[in-house]
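Written out below as structure tokens is the structure these notes cover.
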Amino acid sequence: MDAGGAEAPTLLPKLEDFVDSLLKARLRLLQPVIVPQYLESFAHAGFSTSQLPPWPEDETVEDEMQSHVTALISRLIELACQPPNGVQSLPRASRTSATSTSLAVTFNPPPLYAPLALDKSQKNIRLLTILPGTEPRISCFLEVASLHAPGSYDALSYVWGAPLPSETVLVNGAMVDVGPSLHSALAALRLPDQPSRIWADAICINQLDNNEKSWQVAMMAEIYRHAETVRVFVGDEGDTATLFRFLNRDVIIGEGIDKAAERCEIPILNLLRAYVDFSLRPWFSRVWVYQEFLLASRSPVWHCGVHSAVNDSLRRDLEMLYTRCVEYQSPLTGDIDYNFAGDLGYDDFTLKLNDVTAIVFILRLSDQYRSIPAMEYKRRRRVSTDPRDLVFGLRELFEPAFQHIFYPDYTLSHGDLFLRLSAWLLALDQWGDVFEAYPLRCSPDLPSWVRDFTRLPTVRQTLGEEKLPLAMPCSIYNQVLSVDGVELDEIAQTFVIDEDNTSALIGKLWHLDQLFTTKSTRATSVLSPLDTTESMYTWAMGKETNRLGEVIPESMVLIRVAQVVINPQLRHAEAKYYEPEPPTDSTLQEPPYDDAMAVLAIVATERSRWLNRIKELTSLLNFIVKSMYEEENILAASLYDHDSFAQQIKAYVSNPSPKISSSTPTPTNEGGDGKLTYGPGTISYPKTVEFIRNCGPGMVELLLEISQALHTGTFANQDIWDLTTPDFLPELDEQIKHIDKLQRNVVASLPPTSTEGETQPAASESVPTRQGLDTTADFISRCIQRRDELNRLRDTAPQVMKFGNAPRGLAKALGEHSMTLFHHCTFFVTKGGLPGVGTPGMRDVQPGDKLVWLKDMYHPLVVRASSKHGGQHFEIGGTVVVRGIMGGRLRPSLGENMPPLRKFTFV
């Protein structure tokens, strides 16, 4: 029952007879689910079904039902966006009925633009005829036509570019200012011997008349559908011309990309550069491209300068172009020496390529193929100069109700549009994670639940899983959002990070991780089931095994450390014991037998000491590698806490008996405002001390030496980060030659096989024992093993070298994309001891804020009581990631300790 005593109607037609799947989905939600939610949440505030349009009592055909759905949705959005009593309402979007003859044009247009009859029955547009010619000046003729019988014309899709025009064309005898992109497009489409007829929005619409602009934008779907061909101009030639030459080749079925490029006499790298140059063109970042491409009645034609290719040709070759390009750019298997992506990270680069794929393979838009707004705005990667076009530019993708509510009206502000769009995404699509995708509030003058859609969405993937919008049951009435949820905790302390330097940022994050994994931040009371000891790189980044060791390529660093530690000792041993001095006496052919045995005895002793040293080094390096996936990260300690780390190790040297107990890092609050300050010098390393206690006395010196090398980036005046120097492979070859020579020299020093009559040394003479000879054989075996290891390293080095000229570059390629989430962010700890961080863009976290989990959201929200409403309602701060609450798993995690659900209202 509603407030007026009437039940909400729940009659549904026979949905199996409907073709429009989205209409069927709306019918299953609107009356059975959404309207009852409104009654439950706002009956006390005056809502009743009497405020809704009449709903049919009998089964209705599909077209009629679509009209009823549109009317109901429009009314719900109107009720959601209307302000409380006593506050001036928003301006309504202009509507013109089919019987109206014209709209009043308040703008005094220039002579070029005679007022159009804005009449739905006439469907008037302007078309531009490009007159033939080859001279620099472009001459055109602009005329009015009706879409009922427009004649043959093409529709142009291009990038507007700079807001200030810098070129001119002659239109109807008058000079008209246009942007350089449009000027280039007109020049490319102009034919030398016959006119070309096109529709180009910048000229064919009077851009200074908002009424006409709104009217024409509303007809863009029909304009592009009626066009003979949609011509996409991506810009001047550049490297892309090579791609178009490849696309227009004579195709041989089954021919691979390498053979095809070779037959076209195009080097494969030049072809891939051309493909990347095409993919990075600004056209693909425009919000309008989906509509313009989807609405084409036949395969669009791509234009780049004077070159052109049909979309079918690009669709044919795109998969093999994409695959080969990604192979070259992959951080794991690619070759960064062929850097097609410029300053883009690998993830951003592949996203750009995927944007092209999404356009080229897109299905033609039809009444049966419509998208859900929440899905499109979740994955939106396109921008617009005018914020209002972020709505109008996607309008044709959605259902008739959306097109009706968001009828193009350029007299509205973008805030008014974003208010309606937010209401749609929340109340109709019930997409609660819109707060994560668009973390910024649109305006303090609008409700806190209204999002700023001018930024691209920043939806965080949860543990590598693709996130689909969850249905968060909510209702909006008089600009008040009502939704069920639970209050989890209160923010106790915050830690604000503002750091543009990635290396320094990693250090700060590592120190925070040490804080968050100590017992001092374990959760208490009802939240205790949520507590985990997961690394911050797991819960904050959403990756199951991502620690600092995966941000910094530790294996390469340590290989280089091992190389610069071992090589000097190896060279020293070779020079001192294994390189025979050139004979000064030409008559001396062989060294005496006893001298050879004495040298061999010295060699055995030195070899044993050297092998023990290598064994210690190997053990230490393995310990360092293993530590990178545990709390005591020696590489991180060397980089970001070196002085404290070295001091603790040196303290063990002076007093090796007592154990160093693990101390709890204590954050400080110097300002008294709850903002956490935490830095180096307060972390203990008991596991490392315990390790060196169980090793030889030389381990401390070696550990400090390596830690210092990691800290400064040099070891023995060599850059330990620079693994792939040009002489790296020759160095490996030299090492292998040295080991082979070492083996030959030792074998040559062994006693000759005894024969009859040969004088044997006396028993008193010093000769190597059987054990010494066995260890020598073992040493030769180790030499062979080491040579084989170097050979394997040499074989894999070309792949390793594809990471670039230094592992620092690889660290950037692997970690920069993930690190950008945290350059400017706010971490926090709740009163119950749970650590968390604001999702990308969400920085407004303050002590005293409430941590709330709304029903069926992936992540909790930070909210605070609204000062404008006496604490009766809350204002939304934004979504946060909290350790232990991963991907909406709150209810099963807490079980019986789950706090009770209650209504939250947000203004």
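Working from label points 7 Å from Cα in the Cα-to-Cβ sense, the E487 to A471 distance is 3.0 nm.
Here's how it looks for Q493: its modeled amide H is under 5 Å from those of V829, which are all 5 or more places away or on a different chain. In this view, the solvent-accessible surface of D740, computed with a 1.4 Å probe and all protein chains in place, comes to about 40 Å². A simple spin-label model places the labels of Q846 and E705 5.6 nm from each other, with each point 7 Å out along Cα-to-Cβ.
The calculated FRET efficiency for the pair S297 and Q82, based on their C-beta separation and a Förster distance of 30 Å, comes to about 0.15. Once both labels are positioned 7 Å from their Cα atoms along Cα-to-Cβ, the gap between L131 and R245 label points is 3.5 nm. Applying 0.36 nm per residue to the separation of L191 and N501 and subtracting their alpha-carbon distance, the gain on full extension is 106.3 nm. Extension gain, V383 to C264: 0.36 nm times the residue separation minus the Cα-Cα distance gives 39.2 nm. Go ahead and run the numbers for FRET between L29 and E237, Cβ-Cβ distance against an R0 of 51 Å, rounding to 0.05. In this case the efficiency is close to 0.50.
Note on surface exposure: E262, E399, E734 rank E262, E734, E399 by accessible area, highest first, 1.4 Å probe. Rounded to the nearest whole Hz, the Karplus-based 3J(HN,Hα) values (6.51 cos²θ - 1.76 cosθ + 1.60, θ = phi - 60°) of region 482-498 follow the sequence 10, 7, 7, x, 10, 8, 8, 6, 10, 5, 9, 9, 10, 10, 8, 10, 10, with x at glycine and proline.
Each of the peptides 248-258, 873-883 was scored by the mean count of other Cβ atoms within 10 Å over its residues; in descending order, highest first, they stand as 873-883, 248-258.
Cross-link pairs exceeding 24 Å in C-alpha to C-alpha distance, out of K378/K855; K831/K868; K508/K855; K24/K123, comprise K831/K868; K508/K855; K24/K123. Ligands, DNA and RNA excluded, the heavy atoms of R395 present near 20 Å² of accessible surface to a 1.4 Å solvent probe.
Measuring with a 1.4 angstrom probe and ignoring ligands and nucleic acids, C695 comes out at about 40 Å² accessible.
The values are calculated or read from the model by the stated rules, or taken from the named source; none is laboratory data. As the structure is a computational prediction, the values presented were derived from the model and not from experiment. Positions of Cβ are backbone-derived with ideal geometry, glycine not excepted, and every protein chain shown enters the neighbour counts. The area values use the complete protein model at the heavy-atom level, side chains included, leaving out ligands, DNA and RNA. Shrake-Rupley method; radii C 1.70, N 1.55, O 1.52, S 1.80 Å.
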